[in-house]
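In what follows, a structure is listed as structure tokens, so that the remarks can point back to it.
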Amino acid sequence: LRQVHHRAQQLAAPALETDQVLLGRFLGSLPFGLTGAQQRVITELQQDLARPHPMARLVQGDVGSGKTVVAACAALAAVEAGYQVALMAPTELLAEQLHRSLCSFFSPTEHRPQLLTASCPAPCRSELRKGLLDGSINLVVGTHALIQKGVSFRRLGLAIIDEQHRFGVAQRQALL
């Protein structure tokens, strides 16, 4: 594991600085306040994102503990820096729930999360693929559909994998 970590630190990744004023406005628009643990993890994520190396962080918590809002804060930093964000979930139901949450969180911003699953009609899937490739879509939530042939990103800067233990190593690597 130490060797794997060392090899990962040799790779380059975009250093993403978080605009604290924008983050404050974003958090202020939420219908709830953050817990101390959420604030601490967001600060740690900001520090990791600012490094020019890939971040590999596991955020754990009970259902309803606020992991999605923490992920949204990391996503905000990436999209504001001009990168795309992909959030992969193991089931369509969970992807739809995450998509609804992110749509709510990002409603005061100009960013509009999109949803890509296997059940998307072919014309919709085609439009989403085009938007990811040309960069006009900067935030996408999806299932395994995100790692299917034909899905390419113009400038993917952050990959978030929900319930990562339900994906195989090769599936997680395919998104990364």
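The values are calculated or read from the model by the stated rules, or taken from the named source; none is laboratory data. Here the structure is a predicted model, which means the values were calculated and not measured. FYI the Cβ positions are ideal-geometry reconstructions off the backbone, even for glycines, and counts take in every protein chain you see. Protein only, heavy atoms only, side chains kept; ligands, DNA and RNA dropped before computing areas. Shrake-Rupley method; radii C 1.70, N 1.55, O 1.52, S 1.80 Å.
Once the stretch 86-98 is narrowed to residues that are part of a helix (DSSP H, G or I) and hydrophobic (A, V, I, L, M, F, W, C), the residue that is nearest to Thr68 (Cα to Cα) is Leu98.
Listed by first and then second residue, the pairs linking a residue in the stretch 118-135 that is over 23 Å from Thr91 (Cβ atoms) and of a type in the set (D, E, K, R) to a residue that is at pLDDT 95 or above and open to solvent by less than 70 Å² (accessible area, probe 1.4 Å), with Cβ atoms under 7 Å apart and 6 or more places separating them unless they lie on different chains, form an empty list.
Exactly one of these conditions fails for Tyr83: (1) within 22 Å of Arg25 (Cβ to Cβ); (2) free of Cβ contacts under 8 Å to residues at least 12 places away in the same chain; (3) among the hydroxyl-bearing types (Ser, Thr, Tyr). Give me its number. Every listed condition holds for Tyr83 apart from (2). Close contacts from the stretch 34-60, counting a first residue that is under 12 Å from Leu158 (Cβ atoms) and open to solvent by 60 Å² or more (accessible area, probe 1.4 Å) and a second that is at pLDDT 90 or above and not in a loop (DSSP other than H, G, I, E, B), with Cβ to Cβ under 7 Å and a gap of 6+ residues or different chains, come to Met55/Asp48; Met55/Leu49; Arg57/Leu45; Arg57/Asp48. Residues that are among the basic types (Lys, Arg) and in contact with a helix residue (DSSP H, G or I) (Cβ under 8 Å, 6 or more places away or on another chain) were ranked within the stretch 125-166; the one that is nearest to Leu102 (Cα to Cα) is Arg125.
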